[in-house]
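Structure, as C-alpha cells:
Quick note: the coordinates plus some simple rules give every number you see, no bench work behind them. Since this is a predicted model, take the numbers as computed values, not measurements. Cβ: placed from backbone, ideal geometry, glycine included. Neighbour counts: every protein chain shown.
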Amino acid sequence: MGCAVGIKLFADGVLVVDTTGLDGAKTSPATDCGLKEGDLILRIDDEPIRSTEQMQSVLQQSAGETLTLTVCRGEKTMQLDTHGILCADGVYRLGIWIRDSMAGIGTMTYYDPATGQYGALGHGITDVDTHVLMPLSSGAIMETTVKAVKKGQRGDPGELKGDFTVQHDVGTVSANTSAGIFGTADEDAFSASGEPIPVAAASEVHTGSATILCTVSGNGTESYEVEIVRLYHDKADMRDMLLRVTDQRLLETTGGIVQGMSGSPILQDGKLVGAVTHVLLNDPAQGYGIFMENMLKMAG
C-alpha cells in the first residue's frame, strides 16, 4: 500500500487530559476526589458517557448534587464520588479538561482484498497530552489527498498536510493497538492500489538497502530508497529496526521521515518486512520501524 489515509477515532468514554483549580482556587472537585490526567470516565451514575457534550450536559443537570464517576485507570476500574461547582459564569464544573475524539493523517501499510482487512500506522494512536493509548469506541478511515509537506529538520519532525472529508468513510477502525490500527476497508477504495507481496519473518530481515512506499504529494504512491541500519529483536516498544532515508528525492521533499508517514511499508528482497513508525527528533533522516511479523500478530 503506502497510501495516505485520514483517520478519526472516538474514545470509549471521555479522557481526562488535565485537571485545574476553579475560580482562582488551587483545588477542584476533580482533584479532591482523586481524578488524574489519563483517567477515562466511562459513566456518571448509571449513564454511559460518550462525548464531552454529554458530560457537560449531565454535569449541568446535576446542579451540584453528588455524582458517582466510573473511571478506568490503566487496568483498574474504580468509582469516585464528586460534585460540580457553580462557577462565576453560571456553569457547573469539575475542574477537568477532557477529550472524546481525534483526527489526523497516517499511512496504510497493507490491505488484504480477500478479507477486506487492513493495517496502518505501525504504532498506536495516543492522546497528544497524556500519551495514553486512545481507548477506542469507534473509528473510521477516509481517502486523503496530500496537499503540502512541512519539511522535517533537527528538533522538528515535520508533517504531511492533507484534505479528507470526515463524512465520507471508506473503512472502519476496530482496534487501536501498540502495533498499529486495524479494521476493514472498502475494496473499491484500495484493492487497485497495490500488488500482492509475501511477508517476511523477522528472522529474514537484514541490515542493508530496502525501500519504503509512501504518498508525499496528491494521491500518488512512490517507492523511495532507505537503509536498514540496525535490527532489534528484543525491544518491547515495537521499535524493531533503525532506518535511514537515502533517497535524495525524499530528502529534498520531506527532509526524511515526517508525521503522516507512519505505516509506510518497508520492502526488502521482494518481501514486506515492516512499517515505518517513528522519526528521530535530532535527525529526521532517520527513524524506526516495526517488523511486519509483529504488526500482524497484533492484528489478530
Thr109, Thr177, Thr253 arranged by Cβ crowding within 10 Å, fewest neighbours leading: Thr253, Thr177, Thr109
Cα→Cβ-extended label distance, 7 Å offset, between Lys235 and Ser57, nm: 4.5
FRET efficiency, Gln153 to His206 (Cβ-Cβ, R0 41 Å, nearest 0.05): 0.85
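Between exposed GluC sites (Glu not before Pro) in the chain, where DSSP calls loop and at most 14 other Cβ atoms lie within 10 Å, what's the longest gap? Don't skip to the answer; put the middle values down first.
Details: sites that count: Glu65, Glu75.
No qualifying site falls inside 76-300, the longest such stretch.
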Links that overshoot a 29 Å alpha carbon limit, given the list Lys8/Lys147; Lys8/Lys76; Lys8/Lys150; Lys8/Lys151; Lys8/Lys297; Lys151/Lys297: Lys151/Lys297
Per-residue [θ]222 nm for the chain (sum of -39500 (n - 2.57) over DSSP H runs n ≥ 4, rounded to 500): -3000 deg cm²/dmol
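First measure r as the distance between the Cβ atoms of Thr145 and Ile197, then evaluate 1/(1 + (r/R0)^6) with R0 = 22 Å and state the FRET efficiency to the nearest 0.05.
Between Thr145 and Ile197 the formula returns 0.30.
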Positive-pole candidate from Trp97, Thr77, Leu280, dipole of the chain, charges at beta carbon: Leu280
Residue of Gly116, Gly183, Gly38 that the Gaussian network model of the chain assigns the largest fluctuation, springs spanning Cα pairs under 10 Å: Gly116
Computed label-point distance, nm, for sites Thr184 and Trp97 using a 7 Å Cα→Cβ extension: 3.8
Under 19 Å from Lys26, Cα to Cα: aspartates and glutamates that are on another chain or at least 8 residues apart: Asp18, Glu37, Asp89
Residue among Val245, Val91, Val170 with the largest mean-square fluctuation in a Gaussian network model of the chain, springs linking Cα atoms under 10 Å: Val91
11 Å reach of a label modelled at Asp129, 7 Å along Cα-to-Cβ, counting backbone N of segment 22-45: 37-39
Neighbour net charge for Leu86 - beta-carbon separation under 14 angstrom, K R +1, D E -1: -2
